[in-house]
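Step one of this worksheet: look at the structure below.
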Amino acid sequence: MKKTIVVIILIFTLLLSGCEATEISKSSIPLGFGTDYQNHKIIFTSQLADPRSPEQSPGEGPQFTVLSAEGDTVAEAARRVMLSLSQTPLWSHSSLLLFGENLARTDMALFMDFVARNRFVRKNIPVVVTHNATPEEILNIKPLVSTYTATVIKDIFQTQESQMGIYTPLTLLELMDKFAAPGIEPVVPIVTIDKSGPTKKLKLENMAVFKGRKMVGTLTEDESRGYRFMRPDMIQGGVFAIRSPLDETNWVTLELSRSQAKITPVFQNSDIKMKIVIKAEGNFYEQGGSGDLLTIKELPRIEEAGSQVIKSHISACIDKAQSLESDILGWGQMVHSSNPELWKEMQADWDSIFPTITSEIEVKYEIRRSYLTDNSFIFRE
C-alpha cells in the first residue's frame, strides 16, 4: 500500500512540474535585457545567445542577437519581441538588467511593478543605468575579450570591485528594497560606450543617484569611492593615489586590503550629527620617484595622507548627496533604528532635514606591507 502511494505521488509531481515546462529545443537563452522610455513608449530590448554550428569560427561576428520592441507597457513590449522570435525566452537565464537614462529620469514606476510580479526574472541579477546610449546600443557592442555583452558587464563589476574599488554593484532585489523602504535611496552604477579609440568598448562611468522614483543626478568617480567606503559591510580591494611626502610632483599608490565603516547618529537636542569612523588597512603598492618612504619618519605621513584622501572622498559623496537632497547614505534608516520616536516626527520632512545634517569623519588608514621590497627601485649611476 505504501509503495502504491509513493508511485501516485511521483506521478502527480511529474505531471505538475510539466505544467509550465518549456522544451529546450523550443527555447532561447536571454543573456540580458533592458528597458527605456522614448516618445511615450516603453522600449524593451533583449540580447539572445546565438547557437553556433561546429563549422562556424568564433571570430565570425557577434555570437548573439539583439531584439527590441515597443509598447505602452513593459509587458506588452516584452511580448512584442515574440513577433520576431520563434523560441520562448527563458528569462531566468538573464544575467544583467539595464535601464535607459530616459526611463530612469522619467519614472521608474513604469518598470518596477512589472519586474516585482515577474517570477521568471531572478532578483539577484545586477542592474545598471545606461548613459549617452540606449540599452539596445549597449547590448549591440561586441566585447573585446569576451563573447557576450551582458555577461562581460557583470564580469567588469567583479573585476573593478577587487582591482579598483570604485563602483558598488547593486542587484535588482537591493534596488527594489531601497525603492520601497523609507530613509534610503538607491545608487546604481552607470555603463556607457567609450568611443575614444578605434574600437567602441563598454565602460563603467559614475553612478546614478535616485530620489523617489526618478534619477536626479550622478556621483563622480571620487564620490563613488566615498560611497563605497560608507557601506555598512566590510569592503575589500582597490587602489588609490596620494602625493609623495618627499616630492609632491610624484605619486604613491596605496592598496586597500580591507575597510570597515561605523556610522552612528548623535542626537543633540533637536539636531542630528552623523559620526563616521573608518578603520582601513592596506599595502604600499607603488612609488613614483626615488627616496626611502618606508621609514619611521615617513610612514606615518604616508598613512595620514592616505587617511585624508579617503576622508576627502567621503566628504565629496556626502556633499553631493545633500546637494541632490537624496539620502543615498541611509541616514534616515539609521535615525529610525536609533530613535524610532524622533523618526516618526521627522519622516514626513526628511527630504528637507537630510541636507542640513552635519557629519564628523574620522579615518585611520594603516599600511601592513610593501610586497617584495621596502626601498624604491635604484637605477645604475
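The values are calculated or read from the model by the stated rules, or taken from the named source; none is laboratory data. These numbers were taken from a predicted model, which means no experiment stands behind them. Neighbour counts are summed over all protein chains in view; Cβ atoms, including those assigned to glycine, are modelled from backbone coordinates with ideal geometry.
Step by step: first the residues of the range 268-301, then only those that are more than 28 Å from Trp331 (Cα to Cα) and buried (at least 18 other Cβ atoms within 10 Å of the Cβ), then the one that is nearest to the chain's Cα centre (by Cα). Which residue is that? It would help to see each step written out before you state the result.
Keep residues of the range 268-301 that are more than 28 Å from Trp331 (Cα to Cα), which gives 283-301.
With buried (at least 18 other Cβ atoms within 10 Å of the Cβ) added as a condition, the list becomes 284, 287, 293.
On the way: Phe284: 27, Gln287: 30, Leu293: 35 Å.
Going through the qualifying residues, I end up with Phe284.
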Cβ pairs under 7 Å, 6+ apart, first in the range 310-328 and on the phi > 0 side of the Ramachandran plot, second aromatic (Phe, Trp, Tyr) and surrounded by fewer than 24 Cβ atoms within 10 Å (Cβ to Cβ): Glu325/Phe354
Unique match (being part of a helix (DSSP H, G or I) and either assigned by TED's automatic domain parsing to the domain that holds Lys344 or touching a helix residue (DSSP H, G or I) at 6+ places or on another chain (Cβ under 6 Å) (or both)) among Glu161, Glu174, Glu223, Glu255: Glu223
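Going by the structure shown, is Pro245 touching an Asp or Glu at 6+ places or on another chain (Cβ under 9 Å) and either part of a loop (DSSP other than H, G, I, E, B) or not aromatic (Phe, Trp, Tyr) (or both)? Quick ask: steps written out before the conclusion?
On the way: touching an Asp or Glu at 6+ places or on another chain (Cβ under 9 Å): yes; either part of a loop (DSSP other than H, G, I, E, B) or not aromatic (Phe, Trp, Tyr) (or both): yes.
When the stated conditions are applied, Pro245 passes them.
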Residues (within 25 Å of Lys195 (Cβ to Cβ) and in contact with a Lys or Arg (Cβ under 7 Å, 6 or more places away or on another chain)) located in the range 127-179: Ile141, Leu144, Ile166
Residue list for the range 99-110, filter: of a type outside the set (D, E, K, R) and more than 12 Å from Phe179 (Cα to Cα): Phe99, Gly100, Asn102, Leu103, Ala104, Thr106, Leu110
Glu304, sole failed condition from (1) closer than 30 Å to Ala180 by Cβ; (2) surrounded by fewer than 17 Cβ atoms within 10 Å (Cβ to Cβ); (3) at pLDDT 95 or above; (4) out of contact with any helix residue (DSSP H, G or I) (no Cβ under 8 Å at 6 or more places or on another chain): (1)
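When you scan the range 113-127, do you find a residue that is free of Cβ contacts under 8 Å to residues at least 24 places away in the same chain, among the basic types (Lys, Arg), outside the structural domain of Gly237 (by TED's automatic domain parsing) and in a helix (DSSP H, G or I), even just one? I'd like the intermediate steps shown before the answer.
Of all residues in the range 113-127, those free of Cβ contacts under 8 Å to residues at least 24 places away in the same chain come to 113, 117, 119.
When the remaining residues are screened for being among the basic types (Lys, Arg), the result is 117, 119.
Checking the rest, the ones that are also outside the structural domain of Gly237 (by TED's automatic domain parsing) come to 117, 119.
Then keep just the ones that are in a helix (DSSP H, G or I); that gives 117.
Yes, the range 113-127 contains a residue that is free of Cβ contacts under 8 Å to residues at least 24 places away in the same chain, among the basic types (Lys, Arg), outside the structural domain of Gly237 (by TED's automatic domain parsing) and in a helix (DSSP H, G or I).
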